[in-house]
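Student: Would you mind keeping the following structure in view while I ask a few things?
Where a number appears in this text, it was derived from the coordinates with a stated rule and is not lab data. Every value quoted in this text rests on a predicted model; they were computed, and no experiment measured them. Using ideal geometry, Cβ is built from the backbone for each residue, glycine included, and neighbour counts are taken over all protein chains shown.
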Amino acid sequence: MAYTLGIDIGTYETKGVLVDFEGGIVAQAARGHQMLVPQPGWAEHRPEEDWWGDFIYVCQALLRDSCVDPRDIKAVACSAIGPCMLPVDAEGTPLMNGVLYGVDGRAEAEVRELTDRIGEDVLIARCGNALTSQSVGPKILWLKRHRPELYAQTAHVLTSTSFLVQRLTGEVVIDHYTAANFAPLYDVDTQTWADDLADDILPLDKLPRLLWSGEVAGCITPAAAAETGLAPGTPVTAGTIDAAAEAFSVGVDRPGDMMMMYGSTIFIILRAAERVADPRIWYAPWLFDGEHASMAGLATSGTLTHWFRDQIARDLDPADAFQALANEAAASPPGANGLLQLPYFSGERTPIHDVHAKGALFGLNLTHTRGDMYRALIEGIAYGTRHVTDTFAELGHAPERLLAVGGGTKNALWLQATSDITGIDQVVCEKTTGASYGDAFLAALAIGGVAREDIVQWNPVAETITATPCVVYETGYRLFRRLYEQTKDIARVL
């Protein structure tokens, strides 16, 4: 038998799968970790413990539970949250915690300064993206200014996936899809690193070597084999960001396909026939040369459900809390009896790009229940999602097919509310394992074990969530948009 292994590092959990070449899952494993918030607006992980430590734990669990001979694993691929910023020294040792993706807004001043200096039009034309909290370039500049002693020791700046691949193979690489988030240091036309827009951020030789996600970066080293249990010499792909692997896991592979990832954040990827340039959304080359993707993401989604459970539902058994809360919310009607939730608990990413945006629960009175509040939270996330899908539609890129994936697909209320509020049907595939499953497929693809179209056989469609129009939601969406506009000045000074 022959197998591939995929491991994904998420915001709160690492997941791994061992898969045969027909797409059958032989073993699964997972391990949780925390997102560190050292101060408001910051978000970090510990690279040794949360990234590499989790990888080792999950890898060893897969080998133990499956009893598969490591020599029968023909390729490995990994993905992780991104884009992150991690400076390492010449030995590859992390110099600080990994700075996370757009939920970390510490470089707001650098974003503003670089945008003023370069110009948003130039940034979009050259880099494909305006600078936001999602951009790595400003965070490297923040490192240079606020941690100069660490900047001076930096041999390379990695992202989360790059760090894993470096530990596995010794190679310092990054895929183009991830690299596009390093604006203003990545040129989307030449698909190379470039510093002519800002030569004061970082010497380009400190950035990883560029590869496509389907390319092999290197092979498992003897040192990595000793730690993980994998066989030395096993090919390892360049990897990618978790959302891209998640999209590929459900067959997002043709123009017009859109993925809706229900995870710690809502993340959306549209496979586009052409490059879409607009400051409200993000652009990147897709996983393969000559292909395009447009992305969007909320800052807090599944993270909010965890917050609500931990703060408002402490009386419930954590193991059963989400189902109990879903049952309570189901007893509340659409519109949550007049409650509106702004889900901006870590600022907001697309399409408003406002690091100062705040969460709010508006309309409370003495008749409201916890179920009303939880339903309002779910609907608030769905309203934020509609703001994104409406933006794509305004740009002439409404999805032709919407595929849902991620842990949140187990929440029927959330799925249905999202379809009803956006007005878009959603396809749910048989396997909602997510990014790690997409990694396993990409690993098989990299060594010629499968063709791209084989993902349809690996992961067929299981059900369709049909959108049901609702007048209450139309009114709620208009009020949701107004509530943000009428409170954003207050939020900025809180």
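Student: Charges only on Cβ, +1 for Lys and Arg, -1 for Asp and Glu: so what's the dipole of the range 3-243 about the Cα centre, in debye to the nearest 20?
Tutor: Dipole about the Cα centre, nearest 20: 320 debye.
Student: Another question, then. Please express the shape of the range 292-348 as an equivalent ellipsoid: the semi-axes are the square roots of 5 times the eigenvalues of the C-alpha gyration tensor, given largest first in whole angstrom.
Tutor: Equivalent-ellipsoid dimensions as semi-axes: 24, 16, 12 Å.
Student: So how far apart, in nm, are the two label points at residue 453 and residue 314 if each is 7 Å from Cα heading toward Cβ?
Tutor: Taking the two extended label points, one gets 5.7 nm.
Student: While we're on this one: What FRET efficiency comes out for residue 492 versus residue 67 if R0 is 45 angstrom and r is the Cβ-Cβ distance? Round to the nearest 0.05.
Tutor: My answer for the efficiency is 0.20.
Student: Also: What shape does the range 1-109 take by its C-alpha gyration tensor, where a ≥ b ≥ c are the square roots of the eigenvalues and a/c under 1.5 counts as rounded, a/b above b/c as prolate, and the rest as oblate?
Tutor: Verdict is prolate for the range 1-109.
Student: Ranked from highest to lowest mean number of other Cβ atoms within 10 Å per residue, what is the order of the peptides 152-158, 402-408?
Tutor: 402-408, 152-158
Student: Quick check: from the Cα gyration tensor, does the range 428-494 come out rounded (a/c under 1.5), prolate or oblate?
Tutor: oblate
Student: Which lysines does residue 410 reach when only Cα atoms under 21 Å apart count, and residues fewer than 8 places away in its own chain are ignored?
Tutor: Qualifying lysines at Cα under 21 Å: 15, 431.
Student: Also, quick follow-up: Quick one: Cα centre-to-centre distance for the range 242-295 and the range 298-349, in angstrom?
Tutor: Answer, in whole Å: 27.
Student: Could you compute how fast the chain diffuses translationally, taking Rh as the Kirkwood radius over C-alpha pairs and applying Stokes-Einstein at 4 °C with viscosity 1.567 mPa s? Give it in µm² per second.
Tutor: Once the numbers are plugged in, D ends up at 57 µm²/s.
Student: Looking at the range 34-131, which GluC sites (Glu not before Pro) are DSSP coil and have at most 11 other C-beta atoms within 10 Å of their C-beta?
Tutor: Passing both the DSSP loop test and the Cβ count: 91.
Student: With a ≥ b ≥ c the root eigenvalues of the C-alpha gyration tensor of the range 3-243, is it rounded (a/c under 1.5), prolate (a/b larger than b/c) or oblate?
Tutor: Prolate, because a/c is 1.5 or more and a/b exceeds b/c.
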